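Notes follow the structure.
The values are calculated or read from the model by the stated rules, or taken from the named source; none is laboratory data. From a predicted model like this one, the values you see are computed outputs, not experimental measurements. All Cβ positions, glycine included, derive from the backbone under ideal geometry; neighbour counts span all protein chains shown. For the accessible areas, the whole protein counts, side chains as well, though only heavy atoms, and no ligand, DNA or RNA atoms are used. Shrake-Rupley method; radii C 1.70, N 1.55, O 1.52, S 1.80 Å.
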Amino acid sequence: MSAGTPRVAPIPREGWDDDVRAALVAGFGPDAAERLCSDDPDAPPLANVLATLVHHPALAGPWLAYNSVLLGSPTLDPRLRELMVLRVAWRSRSRYEWVQHVKLALRVGVSIEEVDTIAGRGDGVAWSPLEAAALAATDELLAGHRVLDATWAVLAAHLDERQLVELLFVVGTYSCLAMVFNSLGIELDPGLDDVPAPAMPDVTG
């Protein structure tokens, strides 16, 4: 696989069948699915990740519905979630996930200086105790698949049980997605090249 060449090509809208439409309804609801399937000029842009996942509609529908809970109905503060997702994306060298979530992170109060810090650049920033613990937990989960006791104690002092469970699923979910994005070679969507995200090496081989 060369850089910029997908291993599995996205399916354009005109190639979607009833199974794909059913998956979109399951994942997003009927109104959003109708907009996504529309060929009107004002239809929402089609993300490469979505157009790729619908190769497997039976998997895509439940996955999209599940992921919508983390993004649309979270118990964690979105800023904290995005800090963890950025750490996962950077450490996983998932360029698609990284650029997508730099864009999201900037919308929920993460500064470009903080993005640079997660990428290991600049002089760093002063994280809050909760943010520092969440980033440490992310590193520990990626390295050893378990949050260490000292880190857990800090998290438990700031988060309730639902939030603690969700934190673990955020790291696990976006680690899984990073593997999928990297292995399928999903290309950046139009316009994402303009996101001020620190560059990372492409994953090839």
Among Pro10, Pro41, which is at pLDDT 90 or above and open to solvent by 40 Å² or more (accessible area, probe 1.4 Å)?
Pro10
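Conditions tested, residue by residue: (1) at pLDDT below 90; (2) basic (Lys, Arg); (3) within 15 Å of the chain's Cα centre (by Cα).
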position: Leu106; (1), (2), (3): no, no, yes
position: Thr138; (1), (2), (3): no, no, yes
position: His145; (1), (2), (3): no, no, no
position: Ala150; (1), (2), (3): no, no, no
position: Glu161; (1), (2), (3): no, no, no
position: Leu167; (1), (2), (3): no, no, yes
position: Asp194; (1), (2), (3): yes, no, no
Scan region 147-192 for residues that are among the acidic types (Asp, Glu), in contact (Cβ under 8 Å) with a residue 12 or more places away in the chain and in a helix (DSSP H, G or I) and jot them down.
Glu166
Of the residues Ser111, Ser128, Ser92, Ser73, which single one is touching a residue at least 60 places away in the same chain (Cβ under 8 Å) and over 11 Å from the mean Cα position of the chain (by Cα)?
Ser92
Which residues, taken from region 16-34, are open to solvent by less than 50 Å² (accessible area, probe 1.4 Å) and farther than 24 Å from Gly72 by Cα?
Trp16
If Leu80 meets every condition in (1) closer than 21 Å to Asp194 by Cα; (2) hydrophobic (A, V, I, L, M, F, W, C); (3) at pLDDT 90 or above apart from one, which number is that one?
(1)
Taking region 136-178 and keeping residues over 13 Å from Met84 (Cα atoms) and polar (S, T, N, Q) leaves Thr151, Gln163
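Residue by residue, here is whether (1) open to solvent by less than 50 Å² (accessible area, probe 1.4 Å); (2) modelled with pLDDT under 90; (3) within 23 Å of Met179 (Cβ to Cβ); (4) assigned to a loop (DSSP other than H, G, I, E, B) holds:
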site: Leu36; (1), (2), (3), (4): yes, yes, no, no
site: Ala60; (1), (2), (3), (4): yes, no, yes, no
site: Leu71; (1), (2), (3), (4): no, yes, yes, no
site: Pro74; (1), (2), (3), (4): yes, no, yes, yes
